[in-house]
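The values are calculated or read from the model by the stated rules, or taken from the named source; none is laboratory data. Model, not experiment: these values are computed from the prediction. Cβ placement follows ideal geometry from the backbone for every residue including glycine, while neighbour counts extend to all protein chains displayed.
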Amino acid sequence: MRLGTIAAIATTTLMAHEAVASLGFWPEESGYIYTDTSAADLSAAGFTDVTASGNLVCVPSWCSGCYTSSDLATDTLMGFVEIDLTYAPSDAGYGFYVFMNIDYTDPSFQFEDMEALIEESDPNIDVLSPSQAGTDWSPFSDWLEDPNATVFHWMPEELDGSSTNPFEQVTLTFGWNFSGYEGLVGSPFPGVVVNGVGAVPAPSAIALLAVAGLTTRRRRS
């Protein structure tokens, strides 16, 4: 065998090994959304920590309609946020919401395609439009700044619905990869542009009614 051929085979084998090795460092979660992976593991895998300067903060609707929601501008297709959540155990069954301001610039890949791809790969995540999230009387589209945002709803295992305390606190991590897997050619998310990410607590039905009332008064004024 010629020296050039040996060198070519060795180079090809090395590249293949490096690709497999790099894939091995990726978080071992199915799909493209990461909710059970630590911030340290996501950072080690090359994800951008969008909240490096401070976690998002969410406070529940304890005052019948008011709550705290956080959002940050970002353009990363492969990143994560840490969220400091205060929640009422009685609201644990409502889960939790992260919204992303996403532009779908490729006509062949729109919101419905994102929804199908994410939900097929991760059955623990529901992908919703703002009009679908919330309730019939108070959809998220009534108060989210971007009525076309993409909303991700999941039920974090960290939320303790059995607690007898009025409120609990937990730090959640939410990661995403819309860039395509490292070592593979192409992306399953053509034309996706991320403009921001935010978190919203899941308020109770009474609070949602209050939010709806506040929204109605704003519209009339």
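Points worth noting:
- Residue within the stretch 41-57 that is at pLDDT below 80, farther than 19 Å from Asp84 by Cβ and surrounded by 17 or more Cβ atoms within 10 Å (Cβ to Cβ) present: no
- If you go through the stretch 124-168 and pick out every residue that is among the acidic types (Asp, Glu) and at pLDDT 90 or above, you end up with 5.
- Residue count for the stretch 121-138 satisfying the condition of being more than 21 Å from Trp176 (Cα to Cα), in contact (Cβ under 8 Å) with a residue 24 or more places away in the chain and surrounded by fewer than 19 Cβ atoms within 10 Å (Cβ to Cβ): 2.
- Selection within the stretch 71-84: residues that are of a type in the set (A, V, I, L, M) and within 23 Å of Asp36 (Cβ to Cβ). The member of this set that is surrounded by the fewest Cβ atoms within 10 Å (Cβ to Cβ) is Leu72.
- Looking only at the stretch 169-180, residues that are farther than 17 Å from Asp103 by Cβ and either surrounded by fewer than 16 Cβ atoms within 10 Å (Cβ to Cβ) or at pLDDT 90 or above (or both) come to 8 in all.
- Taking the stretch 85-103 as the range and being crowded, with 19+ Cβ neighbours inside 10 Å and more than 16 Å from the chain's Cα centre (by Cα) as the test, the residues that pass are Tyr87, Ala88, Asp91, Ala92, Tyr94.
- Considering each residue of the stretch 139-149 in turn, at least one proves to be small (Gly, Ala, Ser) and in contact (Cβ under 8 Å) with a residue 40 or more places away in the chain.
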